[in-house]
Amino acid sequence: MQATLATSANALSALASLYGGHHLYVVGDATAARARSLGFRAVTSAAGDAAALSLLVARACRPEEGPLLLAAGARQGGRLAEALRAEGFAVLRRSVYAARPMARLPAAARSSLAERRVVAALFFSAGAAETFVRLVGAAGLVAALAPLAAVAIGPAAASILRPLPFRCVRVALEPTEEAVLAMLE
């Protein structure tokens with residue numbers, strides 16, 4: 001194995017004991033910090049999103065030096081694997097965790113939206129945005145979104161949210177938690 005890739009801190013605990021000695025490439029700085037705290041010795045952050053990670057790995061690694069292990073959530077990492085394969089890399093994509101979408105909005109969220117006690121909604125992935133759109137529609141609360149600002153971690157999440165009647169949909173300047181939270185100021 002030439003290197004290990006992780007698109008989320010959620011994948012790291014599954015990797016630490018077996019791959020802590022391999023070079024680890026991760027999407028962002030928060031994931032890199034978490035990896036180091038788990039004992040990974042050689043960690044490089046793309047300081048961005050999956051596209052940035054793809055570019056970083058394509059520059060830093062060579063297809064002829066062996067396969068890449070991509071640890072991701074179930075149904076995640078497909079585009080990253082495809083992009084690297086297009087560059088000639090052998091990519092072994094493995095699901096090491098699964099995020100399961102909620103079946104319905106929690107009662108507290110429903111009442112907070114209905115009673116207009118929410119001023120902003122934060123979306124840290126396109127998957128979270130898709131789930132929210134489905135759940136808020138099923139709860140009959142789409143109209144309650146009109147006074148809210150939506151803040152998305154990236155353009156993919158924002159494009160999913162734009163059809164909803166949010167007061168505005170903002171995209172973080174960088175795909176990081178810190179950048180999303182900075183949009184609230």
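The values are calculated or read from the model by the stated rules, or taken from the named source; none is laboratory data. Nothing here was measured: the structure is a model prediction, and the numbers come from that model. With ideal geometry, Cβ positions are generated from the backbone for all residues, glycine too; neighbour counts draw on all protein chains shown.
Scanning the stretch 131-157 for residues that are buried (at least 18 other Cβ atoms within 10 Å of the Cβ) and either farther than 25 Å from Ala51 by Cα or basic (Lys, Arg) (or both) returns Leu135, Val136, Ala144, Leu145, Leu148. Residue count for the stretch 15-38, restricted to those that are assigned to a loop (DSSP other than H, G, I, E, B) and modelled with pLDDT under 85: 4. Is there a residue being small (Gly, Ala, Ser), surrounded by 19 or more Cβ atoms within 10 Å (Cβ to Cβ) and out of contact with any Cys (no Cβ under 7 Å at 6 or more places or on another chain) anywhere in the stretch 158-173? Yes, the stretch 158-173 contains a residue that is small (Gly, Ala, Ser), surrounded by 19 or more Cβ atoms within 10 Å (Cβ to Cβ) and out of contact with any Cys (no Cβ under 7 Å at 6 or more places or on another chain). Evaluation of Gly78 against the conditions (1) over 14 Å from the mean Cα position of the chain (by Cα); (2) exposed (fewer than 15 other Cβ atoms within 10 Å of the Cβ) shows that the sole unmet condition is (1). Only one of the numbered conditions (1) surrounded by 16 or more Cβ atoms within 10 Å (Cβ to Cβ); (2) on the phi < 0 side of the Ramachandran plot; (3) in contact with a helix residue (DSSP H, G or I) (Cβ under 9 Å, 6 or more places away or on another chain) is not met by Leu56, and that is (3). The condition (being of a type in the set (Asp, Glu), assigned by TED's automatic domain parsing to the domain that holds Arg170 and at pLDDT below 95) is satisfied by just one residue among Glu130, Glu82: Glu130.
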